[in-house]
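Just below is one structure, and these are the notes that go with it.
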Amino acid sequence: MSADTVESSIVLTETAAEKVRSFLADQPDVDDVALRVAVQAGGCAGFRYALFFDDRQLDGDVEEQQHGIRIRMDKMSTPYLAGAVIDWKESLEASGFSIENPNASGSCACGDSATF
């Protein structure tokens, strides 16, 4: 099973990449690990974003590399994520990854889910 490599369909900011690198530094044996980005059913707006480390390569995966970070998306999520920007935000109120997605027709107040 090999992942297809395509030109960037999503954007991982340098700030987000630095945070991913810091999380990976705490993990043993990260040679085959990628940041998996997915859109899944659920969440208060209908779909939710999932970001997690994954060493699996699924049939139809799309794989990209940005700022030295390997990113994988499953074939069902890829069209929903085209043009999305993943960033890391830090404030007094909260910190975490944020996704700005031009394909979303709406989102909830938490920012973790979207309507397509």
Whichever residue in segment 65-84 is assigned to a strand (DSSP E or B) and in contact with a Leu (Cβ under 8 Å, 6 or more places away or on another chain) and, among such residues, is farthest from Arg21 (Cα to Cα):
Met73
Go through (1) of a type outside the set (Val, Ile, Thr); (2) at pLDDT 90 or above; (3) surrounded by 12 or more Cβ atoms within 10 Å (Cβ to Cβ) one by one and return the number of the condition Phe47 breaks.
(2)
Are there any pairs, at least 6 apart or on different chains, whose C-beta atoms fall under 8 Å, with the first in segment 22-34 and at positive phi and the second outside any loop (DSSP other than H, G, I, E, B) and surrounded by 10 or more Cβ atoms within 10 Å (Cβ to Cβ), and if so, which?
none
Of (1) modelled with pLDDT under 95; (2) under 25 Å from Ser95 (Cα atoms), Lys19 fails just (1)
Residue list for segment 9-29, filter: in a loop (DSSP other than H, G, I, E, B) and touching a Phe, Trp or Tyr at 6+ places or on another chain (Cβ under 8 Å)
Thr13, Gln27
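The values are calculated or read from the model by the stated rules, or taken from the named source; none is laboratory data. In this text the structure is predicted, and so the values were computed from the model without any measurement. Note: ideal-geometry Cβ built from the backbone for every residue, glycine included; neighbour counts use all protein chains shown.
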